[in-house]
Amino acid sequence: MSTAPRKFKKILIANRGEIACRIIWTCKEMGIRTVAVHSDVDRDSLHVRFADEAACIGPAPSAQSYLNIPAIISTAEIFNVDAIHPGYGFLAESSYFAEICAACNIKFIGPPAPIIRLMGDKVKARRAMAEAGLTVLPGSPDPVTSEEEGLKLAREIGFPVIVKAAGGGGGRGMRIVQAPEELGKALEAASNEAAAAFKDGSVYIERYVQNPRHIEIQVLADEYGDCIHLGERECSIQRRHQKLLEEAPSPVLSPELRNEMGDAAVAACKKLGYASAGTVEFLLDEDNKFYFMEMNTRIQVEHPVTEMVTLADIVRNQIRIAEGERLGYTQDDLLIVGHAIECRINAENPETFAPSPGLITAFNLPGGPGVRVDTYVYAGYRVPPFYDSMIAKVIVHARTRDLAIARMKRALEAMVIEGIKTTIPLHLKIMDDPRFKAGDISTNFMEHFLTQNGSKIAKNRNGAVALAG
Amino acid sequence: MSTAPRKFKKILIANRGEIACRIIWTCKEMGIRTVAVHSDVDRDSLHVRFADEAACIGPAPSAQSYLNIPAIISTAEIFNVDAIHPGYGFLAESSYFAEICAACNIKFIGPPAPIIRLMGDKVKARRAMAEAGLTVLPGSPDPVTSEEEGLKLAREIGFPVIVKAAGGGGGRGMRIVQAPEELGKALEAASNEAAAAFKDGSVYIERYVQNPRHIEIQVLADEYGDCIHLGERECSIQRRHQKLLEEAPSPVLSPELRNEMGDAAVAACKKLGYASAGTVEFLLDEDNKFYFMEMNTRIQVEHPVTEMVTLADIVRNQIRIAEGERLGYTQDDLLIVGHAIECRINAENPETFAPSPGLITAFNLPGGPGVRVDTYVYAGYRVPPFYDSMIAKVIVHARTRDLAIARMKRALEAMVIEGIKTTIPLHLKIMDDPRFKAGDISTNFMEHFLTQNGSKIAKNRNGAVALAG
Amino acid sequence: MDDHVSQTPGDEAQVDRDTSIERAPVRRRRNQPARSDNSVNMDELRELIQLIRENDFTEFELEREGFRVRFRRGAEAGASETGASGVTTSQESATKQPAGTSTTTETKVTTTSAAHPGAKAQTEASEDQDLYIIPSPIVGTFYRAPSPNADSFVKIGSSVEPETVVCIIEAMKLMNEIQAETSGEVAKIYVENGQPVEYGQPLFGLKK
Amino acid sequence: MDDHVSQTPGDEAQVDRDTSIERAPVRRRRNQPARSDNSVNMDELRELIQLIRENDFTEFELEREGFRVRFRRGAEAGASETGASGVTTSQESATKQPAGTSTTTETKVTTTSAAHPGAKAQTEASEDQDLYIIPSPIVGTFYRAPSPNADSFVKIGSSVEPETVVCIIEAMKLMNEIQAETSGEVAKIYVENGQPVEYGQPLFGLKK
């Protein structure tokens, strides 16, 4: 696994949007040249403008551009890059892409391909992490193959249980089962949904936890077996398993629990031979017991909240590690100062959540103390309908959580985006919510919040908000 | 001096530009309503847009609007505000204005009027601070009234000496004198210049220090005698006594020297009965001896670098102190993390420094980790020719000074302002300068830098860059 | 001291420290009315075209907040293309490239923007294009009469001469008598008695 | 997993994990001149045009929030104007209201913007409006001949049929033969042998 340190001269960024810009910023700071790839509708995107070189690799649909492995590898070869940063989404968790990169002698900036593959299979990941010492929720060790087997398992675990797809996440292929008689139907429905979504109908059963919190630990591991964590992120505010806003630190974690969870994540990553930045996602129950859910083997959307409170540049660390450098920090170097919150600004109707692509006619960013905005749009930019609706992230940092909430509010008030609808009004309402202010949140928060606020949207089609994927 | 705590409901901001916006942000975070005042050419300024209430108080010339005390007080009374924040410049150091506010029962957010008056007179300030325990440069205790007196003094001090105006700063009324025969002419010239600029021809003599650094200490003092410092700012990069960029911490201060300078500033402020935020400016010589220069009794342009490395909100502290709250922190609470740099972006030709007001046709702000931009302009805004040319401040924060320089560079590269000329290219060159990168700077830095870079501008008309005012 | 100066360049650099209170210059100025009529109306356009034709204009351009129209006629027009539009550029692009926040805040005036005491009067006065407007020369409180029980200085229909006192504006406990500075007949009064007024806010409309 | 999905909505959500390599569809498409009628009322436009015609205007321009229309008539018009091409609506305003950064980066293309392999060819081809353009269907390296010593597939003046191979584009060590897909005569070759090309970059110009 370990190789001699190699400095990158040029990196290709196999992504678009704010994360592509984010990666360019760090490359510029490191003196590394960047190559942007883009679809033909993304010519005016800022990641194209700010990269040193760029190539159009295909038409608008992702399958023919941002997921088009031959076109990306071909571009990497033409421009003679040393490494590829996949960002998040698209090819970031494709072990196949990581292997192709390796075969072409291009460093994939991420963990080794076998770990990506392992963590992509939720059943195998669960088993591997249990073996590596993490507690997992009581459930089936393998995919459930029959109703009888499932019923036996569910009785052992105790109802309610949750049926989950082995092959994916994002809430698809999930069913909460309250009683034995519902199980057969739930297994079938979840399996069908999983087969359609992930080309893999395997499902497994787990204990269902009421009012769980989604807490994740950011880890950094080098190729020489060193690994540290950068504390946790609180990501319980989700709608349909999509995170809406994230915080660091979590309002409920004591320093002891933080250390316990962090140490557990680090120990498991060391056992796995993990190398790169990564995130271990835990479910925290009302008794402060935490259970491994899954591991994300890439940079995450919400990484800035950790950067704000630790002053670490996580992308820089990814690149340094990929260059074969040693971590250079020990766990004792970690200093968490203040509180950070990130709001994801989506081009969506804030009441119906319908996408709202189109021309941005006016754009003003908030300044002042403790405000960071990561975005790729500008006044005059037309948000294309082909990709993710997230157009910006507003991140604030302040001494305390209360001050951070006040700061987020004023930052959102000063942020002007016209021509399209955005989720800014939704976030402003969340900042005013008494339960949110009190830190009294779980993954069920948004369901209650939207009901109370008379949202026009239909509920989750499962009729309940399940565990966060 | 001390009064019972009083919560402000509404504050009038007697200023414009980025600092008016900056104050509004903090007021919003504190739940305090804001009233903007503005001249009739400033209707489209962001401070007017983002305040809760606003009044046009006069035509473009400052004397008839932003310096128009009756109009400002009248507005304060009409809108029934509790306090006035003067920002920097304009009326921020007018003890007369502070007195009028007090007479009208409006809290002036700043120190008591007598201290403003004392610090406004450079000769008296020098004497008062010497009495309060700070070292001052050897020099005349009172204004020099004749050439003979001056000559006697200068011989005692030792040449070279510097002649300075008692009534002001900004480089006006200053002359460096290398030899006895130059003194008479220098005294006369400086006095005439001072009389024209400050309506006060008094001048005094001080030892002239070669290659001094401008180091200033940020202090916070409450109305009950508590006072702490927030570390230093390095402000040696100046052109004609105007700061161009600032840093925190200084690359040359050891923790011991920081404590020594900070403690000295705090002790002096306590003796003076200072209350509010304030800055004690020191000259640091090549032997690390520091001498009091002057005290600024207001918020400073460069306060954000301190905010970045300490996570303190200095405006918030000003307001809290003015409300009669106790400081609530002790010196041991101070934590300085990482390194911050601020570049002042002026609407000026970066080579000739000629003002460049006009329409901003394109505007893009940098995002990403560790970047803060304080500004009041936007695409479509017309920078008026009537006021200060500073249109934005770019502040970066990173773990080390080297990383902060790299970060500033990429932030400036991503900052796009078109339609007018700005000092961005100048700052980019400074970031690449080997002496700057090595931290090898003094108040003479810019003179050498501009000569080396073949600047088209005329030199300081005094033929030398004197001490920073 | 640098900041002190930095905000106040040129002759205004110095705050008059400790000198006697400055009196705001109590002189009025004519404010240009700004009309904002945001919809395109085909009838209006037709009328415009008719007018331009009849009047033999070779070029016509109209621009308002978020609205701009321009016509040109005749053969010679094309020649000076860049120059011709060059004349209008700066102004034009200011509104045309709504870009950043200018549009923004304009469209949001009712929600996020600051509350201006004179906003209503400004709008009203802008519709009275035929009237000569007396604006407030200072910030203060508007009084129509010298004392609560006295008669108003002027009312609708009053004839005024340049020296006629039309109202009082109180600022810092001082009662400032405001003169008409022109002659005419009072046709409109935009401000209520006792209401705060800002600099430049329309007070009276005069028929000349 | 949320992020994974968040970047790739709809059917493209799933990366084909561990399946065989995807072949870029090596079919050329004629790039559709993207038309986006942003709610232009054709009746209104027609009426406008009629009016302008009848009244002999040489130019007409109308702009609203996010909408701008401009007409010009007469012989000399075409010569000078940059955007002389008749009716230009939303497309134009997107670039013309450069607002934020679009102008920015447009005017700075040579300094701060990314270097595109196809930039020169794109510019050249855009001037050859009468030619039918064969664009590159994939990213890769362009070769005019099957091997270094062989003759070029086509040269200026060559007649091509839809099945005629006009060049090879190498991508990931694979030689992809590119067919003309239409018939005509080769009038321009925009790319040098051995030069990298990006998706959509003009390769050949055909006279039909």
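Numbers for the structure displayed
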| quantity | calculated |
| --- | --- |
| Chain B shape via C-alpha gyration tensor axes, a/c threshold 1.5 | rounded |
| Neighbour-limited loop hits for GluC sites (Glu not before Pro), the stretch A:237-341 (at most 15 other Cβ within 10 Å; DSSP other than H, G, I, E, B) | A:E286 |
| Where labels lie 7 Å past Cα in the beta-carbon direction, separation of D:E163 and A:N288 in nm | 7.7 nm |
| Ratio of the Cα radius of gyration of the stretch A:213-468 to 2.2 N^0.38 Å, where N counts its residues | 1.02 |
| Other-chain or far-sequence residues with amide H under 5 Å of A:Y381's (modelled H) | A:I360 |
| Computed label-point distance, nm, for sites B:L428 and A:A102 using a 7 Å Cα→Cβ extension | 4.1 nm |
| Chain lengthening between A:A438 and A:R155 when straightened (0.36 nm per residue, less Cα-Cα) | 98.2 nm |
| Violating pairs (Cα-Cα greater than 27 angstrom) within the set B:K243/B:K409; B:K164/B:K437; B:K7/B:K243; A:K107/A:K243; A:K7/B:K393 | B:K164/B:K437; B:K7/B:K243; A:K107/A:K243; A:K7/B:K393 |
| Distances in nm from B:H448 to the matching label points in the other copies, shortest first (labels 7 Å along Cα to Cβ) | 6.4 |
| Amide H within-cut-off set for B:V136, under 5 Å, with H built and near neighbours excluded | B:F292 |
| Largest-first ellipsoid semi-axes for the stretch A:280-400, taking √(5λ) over the Cα gyration tensor eigenvalues, angstrom | 30, 20, 17 |
| Fewest-first ranking of B:F363, B:F108, using other Cβ atoms within 10 Å as the exposure measure | B:F108, B:F363 |
| Other copies of B:G358: label-to-label distances in nm, shortest first, labels 7 Å along the beta-carbon direction | 3.5 |
| Derived scalar couplings ³J(HN,Hα) [the stretch B:188-193; Karplus, 6.51 cos²θ - 1.76 cosθ + 1.60; whole Hz; x for Gly, Pro] | 5, 4, 5, 5, 4, 5 |
| Cα centroid of the stretch A:104-183 to Cα centroid of the stretch B:106-144, whole Å | 72 Å |
| 17 Å Cα-Cα reach of C:K208 towards lysines, excluding residues that sit fewer than 8 places from it in its own chain | C:K155, C:K188 |
| Calculated from backbone phi, Karplus (6.51, -1.76, 1.60) coupling profile of the stretch B:314-327 in Hz, x at Gly/Pro | 5, 5, 4, 5, 4, 5, 4, 5, 5, 6, x, 7, 7, 3 |
| Alpha-carbon centroid distance for the pair the stretch A:344-372 / the stretch B:190-269, whole angstrom | 42 Å |
| 10 Å Cβ neighbours from other chains, averaged over peptide B:56-63 | 6 |
| Segment B:T400-B:Q178, length gained on full extension (0.36 nm per residue, minus Cα span) | 76.0 nm |
| Within the stretch B:213-468: Cβ-based charge dipole about Cα centre, in debye rounded to nearest 20 (Lys, Arg +1; Asp, Glu -1) | 920 debye |
| Teacher prompt: D:N149 distances to equivalent labels in other copies, 7 Å Cα→Cβ, nm | 12.1 |
| Long-range amide H partners of C:L203 with built H, under 5 Å | C:I134, C:S136 |
| Expected 222 nm ellipticity per residue - DSSP helices of 4 or more, -39500 (n - 2.57), all of chain A, to 500 | -9500 deg cm²/dmol |
| J(HN,Hα) series, the stretch B:87-93, from Karplus relation 6.51 cos²θ - 1.76 cosθ + 1.60, nearest Hz, glycine and proline x | x, 10, x, 6, 9, 4, 10 |
| FRET efficiency, C:D128 to A:N453 (Cβ-Cβ, R0 51 Å, nearest 0.05) | 0.70 |
| Spin-label pair D:E177/A:T330, simplified geometry with 7 Å Cα→Cβ offset, distance in nm | 6.6 nm |
| FRET efficiency, 1/(1 + (r/R0)^6) with R0 60 Å, evaluated for B:V337 and C:S147 via beta carbons | 0.40 |
| Segment C:K155-C:K208, length gained on full extension (0.36 nm per residue, minus Cα span) | 17.5 nm |
| Around A:T297: net Lys/Arg minus Asp/Glu count, Cβ-Cβ under 11 Å | 0 |
| Orientation-averaged projected area, Cα convex hull of the stretch B:138-207 (nm²) | 3.8 nm² |
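Only the coordinates and a few stated rules stand behind these numbers; no lab work does. The structure displayed is predicted, hence computed values, not measured ones. Backbone-built Cβ (ideal geometry, glycine too); neighbour counts: all protein chains shown.
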